[in-house]
1. Calculate how many DSSP beta bridges within the chain are antiparallel, expressed in % of all such bridges and rounded to the nearest 5.
2. All other residues with a Cβ under 13 Å from the Cβ of G157 taken together, and with Lys, Arg as +1 and Asp, Glu as -1, what is their net charge?
3. For the residues M85, M1, M12, M113, what sequence is obtained by ranking on other C-beta atoms within 10 Å, fewest first?
4. Within the chain, which whole H helices from DSSP have a Cα span along their axis of at least 18 Å and a mean Kyte-Doolittle hydropathy of 0.5 or more, if any?
5. Based on the alpha-carbon gyration tensor of region 12-72, what equivalent-ellipsoid semi-axes (square roots of 5 times the eigenvalues) come out, in whole Å, largest first?
6. Give me the number: length gained by fully extending S75 to R24, i.e. 0.36 nm times residue separation minus the C-alpha to C-alpha distance, one decimal in nm.
7. Show that you can apply the helix-only estimate: for the chain, add -39,500 (n - 2.57) for every DSSP H stretch of four or more residues, divide by all residues, and state [θ] at 222 nm to the nearest 500.
8. Rank these for me by crowding, E128, E160, going from fewest to most other beta carbons within 10 Å.
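Here, each number is a calculation from the coordinates, and none is a lab measurement. This one's a predicted model, so the numbers in the text were calculated from it and none came from an experiment. In this analysis, Cβ positions are derived from the backbone assuming ideal geometry, glycine residues included, and neighbour counts consider all displayed protein chains.
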Amino acid sequence: MFDLDGTLVDTMPVIVGGYAATVRELGGPEVGRAEILGAFPLGTAAVVLAHFLGRPVTEAELARHRAGIRERVTSVEAFPGVPEMLDTLRTDGAVLAVYTGASRVGAERSLTMSGLAPYFPVLVTGEEVARQKPAADGLRQACAALGTDAARAAYVGDTEADLGCATAAGARPVHAAWDAAAAVVPGHVRAEHPREVPGLVLGG
């Protein structure tokens, strides 16, 4: 199981910039990367924006935010080594899924543009779960869709919320630390490059 943004694809700077721009345009405060990443576990885009603005956002404002993100994302690239990692995992019999806090439209777009969509028969997004990471809901939902138990799964992600989600579900947390901007999360198995992941999650 994998997180998406900041783990499989290099979209986090664009997404963070999009949130900062929307908050600023709607009259909110200047917010930085750490504040935005820290707010992601609160919920969907509407919840995160409301958190910074101190008020609910309208459907029109939310639509404008999503359009702004789409305009910023002109291309999506997988991190170097990710396709090869996924090939190795699939060849060795692993079944793969993505659980991301992103919207389904955004996640499907990123997977398609990066060429990674064929690897993942199951995609669970933040729109489809009652509780966001670090709660285990989405990871358990993805495991159920694959017909496996979370205790037999590993979840690879770049944030503390991802690793907390894995722990809460009873899965094996693996810290994806290959993005130069990845958070420092001590106390977890750490992969410095995607090629390290198969050895950490298979047969261990």
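1. Here the share of antiparallel DSSP bridges comes out near 5 percent.
2. Around G157, the charge tally is -3.
3. Taking fewest neighbouring Cβ atoms as first place, the list is M113, M12, M85, M1.
4. Taking the DSSP H segments of the chain (at least 18 Å long, mean hydropathy at least 0.5), we get 12-25.
5. Output for region 12-72: semi-axes of 14, 14, 11 Å.
6. Length gained between S75 and R24: 15.9 nm.
7. It lands at -13000 deg cm²/dmol.
8. Ordered from fewest to most neighbouring Cβ atoms within 10 Å, E128, E160 come out as E128, E160.
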